[in-house]
Structures are given as C-alpha cells and as structure tokens.
Amino acid sequence: MAYDVTGRLHEIFDEQQVSEKFRKREFVLEVQDGQYPQHIKFQLTQDKVSLVESFKMGDEVKVTFDLRGRGFNKNGQMLYFTNLEAWKIEPAGAANYGGGGQQQAAPRPAAQNQNPTLRAQPSAAPIASDDDNDLPF
C-alpha cells in the first residue's frame with residue numbers, strides 16, 4: 001500500500017553502501033501536524049538513492065512511500081523494525097497547502113477520514129486515533 005506526505009526537506013544524509021549488493025540513503029522531512037512539527041526519516045534504496053539529489057534542504061516536496069517492516073531473531077529474542085521506503089519525490093504544488101504554513105497532501109477522492117497530512121492509496125482505516133494516544137508528546 002502506498003502513502004504520500006508533503007513537507008519541507010529538513011536533512012539529507014549521504015549514501016551508504018550497506019553491503020556489496022545493498023545501498024541506501026536517508027532523508028528527513030519536516031511535516032506540520034498541529035502545534036508541533038514532526039521530523040520523519042525516510043529511506044531510499046538501490047536505484048532510488050539518487051531521487052533526492054535534485055532537491056536541497058528547505059525545499060517543499062511530496063514523498064510517496066511504502067511501509068516496510070521486518071522481524072529478526074537476536075540472541076533468542078525477536079526484534080522488529082519499520083522503514084518508510086520512499087520511491088517517489090516530487091516538488092510540492094502550491095495547491096497542496098492551506099493557509100498558515102500548514103502542509104497537506106493533495107486531496108484524493110478515495111481517501112476519507114484520514115489525517116490530512118498523510119494519505120493512503122487505496123483508502124485504509126486509521127491504525128489508532130488521538131483518543132487512544134496517552135503519550136505526553
């Protein structure tokens with residue numbers, strides 16, 4: 001399932017050659033979400049690592065990505081990690097924003113009742129609402 005989000009490029013990291021056959025590059029997008037901005041790290045892999053090269057920090061971009069997760073056994077204990085695997089980066093259009101500096105994803109007819117900053121294709125039910133969140137931040 002693909003998601004997209006619009007925000008400002010906050011940081012772009014150097015490409016990393018993880019193994020002989022695997023390379024990656026990470027970048028951070030600053031997304032306005034209510035009162036506090038969120039800094040979200042994305043990963044580009046293999047032939048996609050060059051996608052971010054045509055942009056610079058501070059640019060407004062729309063990132064299309066997939067959620068990827070994997071478990072692994074370390075010393076008999078199962079551990080899990082999740083990556084936001086970006087596969088498309090494009091300049092953000094002026095029509096994607098509301099007033100007051102709030103970034104929003106372009107409206108999609110199929111997406112309903114979702115956070116306006118993050119849209120899924122096809123429409124997916126939210127995993128949790130703010131009513132479930134008892135974290136202090």
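The values are calculated or read from the model by the stated rules, or taken from the named source; none is laboratory data. Quantities reported herein were computed from a predicted structural model and do not represent experimental measurements. Please note: Cβ atoms are built from the backbone with ideal geometry, for glycine as well, and neighbour counts cover all protein chains shown.
All told, Asn83 meets the bar of being surrounded by 13 or more Cβ atoms within 10 Å (Cβ to Cβ), within 18 Å of Tyr3 (Cβ to Cβ), at pLDDT below 95 and under 11 Å from the mean Cα position of the chain (by Cα). Screening Lys24, Lys88 for residues that are under 15 Å from Asp4 (Cα atoms) and assigned to a strand (DSSP E or B) leaves exactly one candidate, Lys88. The number of residues in the stretch 11-25 that are surrounded by fewer than 18 Cβ atoms within 10 Å (Cβ to Cβ) and closer than 14 Å to Val63 by Cβ comes to 2.
Only one of the numbered conditions (1) within 21 Å of Thr82 (Cβ to Cβ); (2) in a strand (DSSP E or B) is not met by Val52, and that is (2). Would you check which residues across the stretch 26-75 are in contact (Cβ under 8 Å) with a residue 60 or more places away in the chain and either loosely packed, with under 12 Cβ neighbours inside 10 Å or in contact with a His (Cβ under 6 Å, 6 or more places away or on another chain) (or both) and list them? The answer is Tyr36, and nothing else.
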